[in-house]
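Asks: Before we start, here is the structure in question, set down as structure tokens.
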Amino acid sequence: MSTPDLPRHGVAGLDIGGSYLRVRVEDAATGEPLAAETRPNPGWNDLSPVERAGLVGGVLRRTTPASHVLAAVGVGARGCDSEALTRELEAAVCAELGPGVAVRVRNDALLVGLAGGHEHALSVIAGTGAVVGGLTADGVTVLTDGWGWLLGDHGSAPRIVLDALRLYTAVLDRGESDPVFGPFVAGALGVAEARRLPGAVKRSRETLGDLAAGVFACAEAGSPCAGKAVTDNARRLAGSVATALRLGVRADVVVGAGAIMVKQPAFRSAFASGLVAQDVTLPLSVLETEPVLGAVRLATLALRDDVSRKGTLRNDALCNDEEQLT
């Protein structure tokens, strides 16, 4: 009498931002990709931890193939900005998925270093937002900046644009001009008169970061305002790295990600110079893959630790997994 083949183990990673959710499922033994999905996630910030865990469970049930059951899940989530918030979501996800699934949750910024292949890294994001994150030797999350562009986010697209505009208004107050940046501002914001800038910026606040590419082009063309905005933001971000290290982050490398860091070599060069000025001697690398792979790595580490505590995975654990994810 033949027995049916038992399902194989899988690991899943989720990269959850405020506007999107990415999930990837892999075979736990071979690393073979099994499923991947990107979906809008606009309501995440308004959900309770239990509701967030329910969303995670629903996504995993849809995406995990019938040939596999999940042994571990890694979640990098927006909003896990303290140990208490991280533990709260991790407990909710554990309850949602059941005891047969090892779960590890981190702030989504920390996926960058893991996706780059580094267990101990300082993750730096400079894109639509900007934040520096890492873990201490005791596993405590440290985040510097990440306050949003109105308060911080130095190195983010909207912050660079806003700082360039501030520098430009200071130039105008001195009775001077920026012949490169001025025409760009007039065209991009649709203002023929500089005194109309405040209203134009207010109307464009949700899309201000879209002008960042133009600011970089102006900087390359010699605009003092644009050039200083780029350099100052890169240096401030480097300062956030130094602060995180002083706060005890354990790191062997600095890993950068985000559109500004990846696509703007002038910013990356200024950031590297800023690290040197801050006496940061760690090597700098730029992430060339998707952060969701860091979430899969997080799941793999959770599974490794779980197996080391309990021994090899058992068939009855497989049954528990199957019950929870069907």
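Asks: Where does the charge balance sit around A242 when Lys and Arg score +1, Asp and Glu -1, over other residues with C-beta under 13 Å from its C-beta?
Replies: +1
Asks: Counting pairs of alpha carbon atoms under 8 Å apart in space and at least six apart in sequence, what relative contact order in percent does the chain give?
Replies: Relative contact order of the chain: 24 percent.
Asks: How far is helix 224-246 tilted off the main Cα axis of the chain, in degrees rounded to 10, range 0 to 90?
Replies: For 224-246 against the chain, the angle is about 40 degrees.
Asks: Distance in nm between label sites at A277 and W147, each 7 Å beyond Cα in the beta-carbon direction?
Replies: 2.0 nm
Asks: From the P(r) of the chain, could you give the percentage of C-alpha pairs in the tail past 35 Å?
Replies: In whole percent, the long-distance tail amounts to 30.
Asks: Can you list the lysines whose alpha carbon sits under 27 Å from that of K228, skipping same-chain ones fewer than 8 residues off?
Replies: K202, K263
Asks: Additional query: Highest mean first, what order results for 210-222, 93-105, 298-310 on Cβ atoms within 10 Å?
Replies: 93-105, 210-222, 298-310
Asks: Roughly what angle does helix 157-173 make with the longest principal axis of the chain, taking Cα atoms, 0 to 90 degrees, to the nearest 10?
Replies: The angle comes out at about 10 degrees.
Asks: Hey, what's the Kirkwood Rh for the range 157-286 if you take every pair of different alpha carbons, in angstrom? List each step's numbers first, then the result.
Replies: Working: mean 1/r = 0.0639 Å⁻¹.
Evaluated over the range 157-286, this radius sits at 15.6 Å.
Asks: What angle, in degrees between 0 and 90 and rounded to the nearest 10, separates the Cα long axis of helix 292-310 from the longest principal axis of the Cα atoms of the chain?
Replies: It works out to around 40 degrees.
Asks: Tell me the relative contact order for the range 157-286 as a rounded percent, counting alpha carbon contacts under 8 Å between residues six or more apart.
Replies: Answer for the range 157-286 is 26 percent.
Asks: Also, quick follow-up: Fully extended, how many nm does the chain gain between E288 and K228 (0.36 nm per residue separation, minus their Cα-Cα distance)? List each step's numbers first, then the result.
Replies: Values: separation 60, 0.36 × 60 = 21.60 nm, distance 2.74 nm.
Here the answer is 18.9 nm.
Asks: Using unit Cβ charges (K, R positive; D, E negative) and no other charged atoms, how large, in debye to the nearest 20, is the dipole of the range 157-286 about its Cα centre?
Replies: 320 debye
FYI, it's all coordinate maths here, none of it is from the lab. Since the model is a prediction, treat every value here as computed from it, not as a measurement. Using ideal geometry, Cβ is built from the backbone for each residue, glycine included, and neighbour counts are taken over all protein chains shown.
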